[in-house]
1. Listed residues LYS29, LYS79; which is under 16 Å from the mean Cα position of the chain (by Cα) and charged (D, E, K, R)?
2. When residues of the range 50-70 are filtered for being open to solvent by less than 40 Å² (accessible area, probe 1.4 Å) and under 28 Å from ILE132 (Cβ atoms), how many remain?
3. Do we have LEU10 as open to solvent by 50 Å² or more (accessible area, probe 1.4 Å), at pLDDT 90 or above, not β-branched (Val, Ile, Thr) and not in a loop (DSSP other than H, G, I, E, B) here?
4. Please pick out the residue among VAL106, VAL80, VAL73 that is closer than 24 Å to LEU5 by Cα, open to solvent by less than 70 Å² (accessible area, probe 1.4 Å) and not acidic (Asp, Glu).
5. Check every one of the strands (runs of 3 or more DSSP E) wholly within the range 33-105 and list those with 1 or more residues that are modelled with pLDDT of 90 or more and in contact with a helix residue (DSSP H, G or I) (Cβ under 7 Å, 6 or more places away or on another chain).
6. For THR4, state whether it is surrounded by fewer than 18 Cβ atoms within 10 Å (Cβ to Cβ), of a type in the set (Ser, Thr, Tyr) and in contact with a Ser or Thr (Cβ under 6 Å, 6 or more places away or on another chain).
7. Pull out all pairs, ordered by first then second residue, where Cβ-Cβ is under 7 Å, the residues are six or more apart or on different chains, the first lies in the range 1-29 and is free of Cβ contacts under 8 Å to residues at least 60 places away in the same chain, and the second is surrounded by 14 or more Cβ atoms within 10 Å (Cβ to Cβ) and assigned to a helix (DSSP H, G or I).
Amino acid sequence: MQVTLPNEILLAEVGAMLSEGKDVVLMTKGWSMNPTIVGERDSVLLRKTGSPQVGDIVLARLSPKHYVLHRIVAIDAEKVTLMGDGNLTGQEHCTAGDILGTVQRVLPPRGKGFVPGKASLWRKTGPLTRRIVLGIYRRSILKILMLGAKDRKQSHI
């Protein structure tokens, strides 16, 4: 049986579990971390770490009811800047204390998963290059992935 909870309830509990030193596996939603993490397909293994670094993918609380799973693109004293790999623009800001956990592994439905890299090259590319690469990804590779996911769901019915 699959249960879906509102983010403010689920992720507040996830944050509490992470602060207790527990690892949490969380199914992802949304498309902002494509192509690194495919929403509604991949899960992530989260762990509370001492000091997240630029390039880490983190779960952060932006307000009491708003959470994101995005990559750290800059740290300036206590100010942390986040941005999704699949976003061309738009960054979020939080403090180091608002970071609930760091992604240790990305877990696709099949396979052992992988440790996400720091995306150094991706973060250095300009908006035009990112737009072209993401456009190709969304129009081709993502469609193939989603067709495969739809086939898997139908086979479980």
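The values are calculated or read from the model by the stated rules, or taken from the named source; none is laboratory data. Given the structure is predicted, the values throughout are model-derived calculations rather than measurements. Ideal geometry is used to build each Cβ from the backbone, glycine not excepted, and the neighbour counts take in all protein chains shown. What goes into the accessible areas is simple: the full protein's heavy atoms, side chains included, and nothing from ligands, DNA or RNA. Shrake-Rupley method; radii C 1.70, N 1.55, O 1.52, S 1.80 Å.
1. Working: LYS79 fails: under 16 Å from the mean Cα position of the chain (by Cα).
Within the list LYS29, LYS79, the selection yields LYS29.
2. So the first thing to find is which residues in the range 50-70 are open to solvent by less than 40 Å² (accessible area, probe 1.4 Å), and the list is 52, 55-60, 67-70.
Subsequent filtering for residues that are under 28 Å from ILE132 (Cβ atoms) retains 55-58, 68-70.
Qualifying residue count for the region: 7.
3. Working: open to solvent by 50 Å² or more (accessible area, probe 1.4 Å): yes; at pLDDT 90 or above: yes; not β-branched (Val, Ile, Thr): yes; not in a loop (DSSP other than H, G, I, E, B): yes.
Judged against the criteria, LEU10 is a match.
4. Numbers: VAL80 fails: closer than 24 Å to LEU5 by Cα; VAL73 fails: closer than 24 Å to LEU5 by Cα.
The conditions single out VAL106.
5. Values: elements: 43-47, 57-63, 66-76, 79-83, 92-95.
Output list reads 43-47, 57-63, 66-76, 79-83.
6. Values: surrounded by fewer than 18 Cβ atoms within 10 Å (Cβ to Cβ): yes; of a type in the set (Ser, Thr, Tyr): yes; in contact with a Ser or Thr (Cβ under 6 Å, 6 or more places away or on another chain): no.
Taking the combined requirement at face value, the residue does not satisfy it.
7. LEU26/VAL14
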